[in-house]
Amino acid sequence: MKSIVMVLTLLVVAMMYTLQISQTQATSLHLHEITFADTNGDVIHTERFAEGSFFLEVNMPEAPEREGFVFVGWSYDFSKSMPNFDMIVYPQYMHSEFLVVTTFA
């Protein structure tokens, strides 16, 4: 009987120790937001992501059209790792119309 009580006591102590270690080692999931905005700052789309996830998992919206310009990408390099903060991304454009002036002598 004495050995059973001793074994049970050791089991309880081991369980309590394991539970305390588990609580200190537990991690929480940190979520961040990527907000896609147009050139006026109006929100087009917002995407939530977990810290450490990949950009392949982010659903990027279609770029807003802008007259006289061609969309060339977003203001963040998505080949980089996922940031650990919230961010706002803006579309980047290039002029699609050029003025050619010729002079005749």
*Residue by residue through the range 40-61, note down the ones that are modelled with pLDDT of 80 or more and either among the hydroxyl-bearing types (Ser, Thr, Tyr) or exposed (fewer than 10 other Cβ atoms within 10 Å of the Cβ) (or both).*
ASN40, GLY41, ASP42, THR46
*Could you run through the range 82-105 and say how many residues are under 18 Å from GLU51 (Cβ atoms) and either exposed (fewer than 10 other Cβ atoms within 10 Å of the Cβ) or touching a residue at least 60 places away in the same chain (Cβ under 8 Å) (or both)?*
2
_the range 37-59, subset closer than 21 Å to SER96 by Cβ and of a type outside the set (S, T, N, Q), residue nearest to the chain's Cα centre (by Cα)_ = ILE44
*Considering only the range 33-65, state which residues are in a strand (DSSP E or B) and aliphatic (A, V, I, L, M).*
ILE34, ALA37, VAL43, ILE44, ALA50
*From the set of residues in the range 22-39 that are loosely packed, with under 10 Cβ neighbours inside 10 Å and not polar (S, T, N, Q), which is modelled with the lowest pLDDT?*
ALA26
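The values are calculated or read from the model by the stated rules, or taken from the named source; none is laboratory data. As the structure is a prediction and not an experimental result, all values here were calculated from the model. As a convention, Cβ positions derive from the backbone with ideal geometry for all residues, glycine included, and neighbour counts pool all protein chains shown.
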